[in-house]
Amino acid sequence: MSANEPAMMGKDQIVDTLNDLIRIVEDSHEAYRQAAEALEDEDLKALFNDLAAQRGAIVREVQRLVAEQGGAPDMGGTVMGGAHRFFLELKTNVLGQDREAILAEVQRGEGECVRAYEEALAKELPLPITAVAIQHLDRIRADRDRMTLLRGAAA
């Protein structure tokens, strides 16, 4: 390794980074699932059920990556922080059935997921993990952009 090449992260750092992603994506998964259950709008209910399933698949894939690193995959979401606040706001808005507010909160929450993935990708993760994380980030960005469009239509 030359002096200009950054050192590759250790397995513990990789596992910690991936577990951070598991927590925020699991928060997203749970929020979509709960929102879909509470919503009356059939189109949003179907969309959120689809997104919940996608987020569940992402969580399982990242858990697999953690296990491949020899780590213990996190099985839950965050207890506090921006993602948790997002989901509390989403639940409040769903109960109020304010379509634009619901979409605004989902858009904001997806922004938190994007931020977490961008932070993870700024680290020196192994190439196979980076490739998977980029795919997830692209999916989450596309969903965030979709919420932006839906929100514009609801306004």
Task: Share of carbon and sulfur in the accessible heavy-atom surface of the stretch 16-60 [1.4 Å probe, %] - done: 45 percent
Open item on the list: At 1.4 Å probe size, put LEU65, LEU121 in order of accessible surface, largest to smallest.
Closed with: LEU121, LEU65
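The values are calculated or read from the model by the stated rules, or taken from the named source; none is laboratory data. All values derive from a computational prediction rather than experimental measurement. Remember, those area values only see protein heavy atoms, side chains included, never the ligands or the DNA or RNA. Shrake-Rupley method; radii C 1.70, N 1.55, O 1.52, S 1.80 Å.
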